[in-house]
Amino acid sequence: MADKARIAILISGAGTNMAALVYASRIADCPYEVVLVAANDPAAGGLALAQAEGIPTFALPHKGMTREAHDAAMEAAVLAAGADHIVLAGYMRILSDGFVQRWAGRMLNIHPSLLPLYKGLDTHARAIAAGESHGGTSVHLVTPELDAGEVLAQIAVPIVPGDTPATLAERVKHAEHQLYPRAVADYVSRWRNPSWLLAQLRARALALPETSEQKSFGSAGFRVGGSKSGKYFAYFSERPHGHERIALLVKTSGMDELHALIEDQPDIYFKPAFYGASGWVGIVLDRPDLDWGDIETWLQRSWRSVAPKRLTRLMNIADQF
Ligand code: GAR
């Protein structure tokens, strides 16, 4: 298995979600490890537990500091720990836009409501007052707008007669402790999840003109042109014959290019069984550093090499200028 993701957890209080994340990371095969627990309150309960677990900690009260300066100090600690993701777990601070933007796609939060309902504070009290049947919890990506990033996972939790904000909060935490470790694990390992990779590929392949998806020998394939005259320009292959990785198969200009690619970057390119003989190349997709821009370029090239002339003619003219 590839190296584990390195997460830094930011807390302000008890840190029970932090504890859930830490103990999940102690189970074999967890795809992340906790490399730092940092708090804006040196008295945050979770810090003592993190220390007892041998996890590096950092604490810096925000009092008397600008938001930017405090964020910068927290971020410096995160970077010094070598973290590649920031996981907010009851970190009760609004973050500056610059900090959030630098970690776009690499910062997660858990919020105790069924987002987009009840963003911000006092979520439990507001859900009870509104007569909701359920509260709940959501894990989401952090964007500059508060509690508004893409929701990755949710659990609904019933509100029972006599509930107070405190009793509901406690019940919701049981759900959070199940949800957060799983959501973080899924997120940091999505780069090798076949369903996620296929969804990414499908969105890009079907964005090209006159394309459709059709299975071919059990693999997802992408075609351009009509249902009879159309041609395949890409295949998604979970276990291409003779290869253990998840791959995209696309057309090259021919054998010379195919062999040059494989010679230059043998970890990325390979000659697939059957298709390789006619100049198709396999491109390994399950790589943490995969550049989807490169994949788009390959899809366009391959599309163009088989698309009907009436579709490519305009592009060829545009290329001359
Ligand atoms: C959790 O319920 C978390 O969802 C919430 O604070 C609690 C922290 O508990 N976060 C927010 O309200 C963020 N807006 P913990 O310190 O025991 O993990």
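Based on what the data block shows, is residue 91 touching a residue at least 24 places away in the same chain (Cβ under 8 Å), out of contact with any Gly (no Cβ under 7 Å at 6 or more places or on another chain), in a loop (DSSP other than H, G, I, E, B) and crowded, with 18+ Cβ neighbours inside 10 Å?
So residue 91 passes the test.
For residue 293, state whether it is touching a strand residue (DSSP E or B) at 6+ places or on another chain (Cβ under 9 Å) and surrounded by fewer than 19 Cβ atoms within 10 Å (Cβ to Cβ).
no
From the list 223, 182, which residue is crowded, with 17+ Cβ neighbours inside 10 Å and either under 30 Å from residue 273 (Cα atoms) or of a type outside the set (Val, Ile, Thr) (or both)?
223
Take residue 20 and decide whether it is closer than 23 Å to residue 288 by Cα and not acidic (Asp, Glu). Walk me through it before giving the result.
Numbers: closer than 23 Å to residue 288 by Cα: no; not acidic (Asp, Glu): yes.
Answer is no for this residue.
Considering the stretch 59-78 alone, what residues qualify as being under 22 Å from residue 49 (Cβ atoms) and not β-branched (Val, Ile, Thr)?
59, 60, 61, 62, 74, 77
Identify all residues within the stretch 58-93 that are closer than 24 Å to residue 3 by Cα and within 16 Å of the ligand (Cβ to nearest atom); write none if there are none.
Passing the criteria: 86, 87, 88, 89.
Just give me the residues in the stretch 79-88 being in a loop (DSSP other than H, G, I, E, B) and either acidic (Asp, Glu) or closer than 26 Å to residue 43 by Cβ (or both), in sequence order.
Correct list: 81, 83, 84.
Select, from 319, 264, the only residue that is free of Cβ contacts under 8 Å to residues at least 24 places away in the same chain, loosely packed, with under 14 Cβ neighbours inside 10 Å and over 30 Å from residue 3 (Cα atoms).
Going through 319, 264 in turn, the sole match is 319.
Would you say residue 35 is within 14 Å of the ligand (Cβ to nearest atom), more than 25 Å from residue 122 (Cα to Cα) and buried (at least 20 other Cβ atoms within 10 Å of the Cβ)?
Taking the combined requirement at face value, the residue does not satisfy it.
Specify the residue that is nearest to the ligand (Cβ to nearest atom); the eligible residues are those in the stretch 1-19 that are in a helix (DSSP H, G or I) and crowded, with 22+ Cβ neighbours inside 10 Å. Working first, answer last.
To start, the set of residues in the stretch 1-19 that are in a helix (DSSP H, G or I) comprises 16-19.
Then keep just the ones that are crowded, with 22+ Cβ neighbours inside 10 Å; that gives 17-18.
Working: 17: 3, 18: 6 Å.
Across the stretch 1-19, the extreme among qualifying residues is 17.
Taking the condition of being within 13 Å of the ligand (Cβ to nearest atom), under 16 Å from the mean Cα position of the chain (by Cα) and not in a loop (DSSP other than H, G, I, E, B), how many residues in the stretch 136-150 meet it?
3
Among the numbered conditions (1) farther than 23 Å from residue 190 by Cα; (2) of a type outside the set (Ser, Thr, Tyr); (3) in contact with a Pro (Cβ under 7 Å, 6 or more places away or on another chain); (4) outside any loop (DSSP other than H, G, I, E, B), tell me where residue 24 comes up short.
(1)
Just to be sure before I move on: is residue 204 basic (Lys, Arg), assigned to a helix (DSSP H, G or I) and under 18 Å from the mean Cα position of the chain (by Cα) in the structure I sent?
Yes, satisfied.
Could you list all residues from the stretch 137-168 that are closer than 18 Å to residue 184 by Cβ and either of a type outside the set (A, V, I, L, M, F, W, C) or loosely packed, with under 14 Cβ neighbours inside 10 Å (or both)?
Passing the criteria: 137, 138, 140, 143, 147, 149, 150, 154.
Given the conditions (1) in a loop (DSSP other than H, G, I, E, B); (2) small (Gly, Ala, Ser); (3) in contact with a helix residue (DSSP H, G or I) (Cβ under 9 Å, 6 or more places away or on another chain), which single one is not true for residue 185?
So residue 185 meets the others, but not (1).
Please give the number of the condition residue 99 fails out of (1) within 15 Å of the ligand (Cβ to nearest atom); (2) over 19 Å from residue 22 (Cα atoms); (3) hydrophobic (A, V, I, L, M, F, W, C).
(1) is the only condition that residue 99 fails.
Would you check if there is a residue in the stretch 299-315 being crowded, with 18+ Cβ neighbours inside 10 Å, in contact with an Asp or Glu (Cβ under 9 Å, 6 or more places away or on another chain) and not in a helix (DSSP H, G or I)?
Scanning the stretch 299-315 turns up at least one residue that is crowded, with 18+ Cβ neighbours inside 10 Å, in contact with an Asp or Glu (Cβ under 9 Å, 6 or more places away or on another chain) and not in a helix (DSSP H, G or I).
Each value in this text was obtained by applying a stated rule to the coordinates, not by laboratory testing. Worth saying up front: this structure is predicted, and the values here are computed from it rather than measured. In this analysis, Cβ positions are derived from the backbone assuming ideal geometry, glycine residues included, and neighbour counts consider all displayed protein chains.
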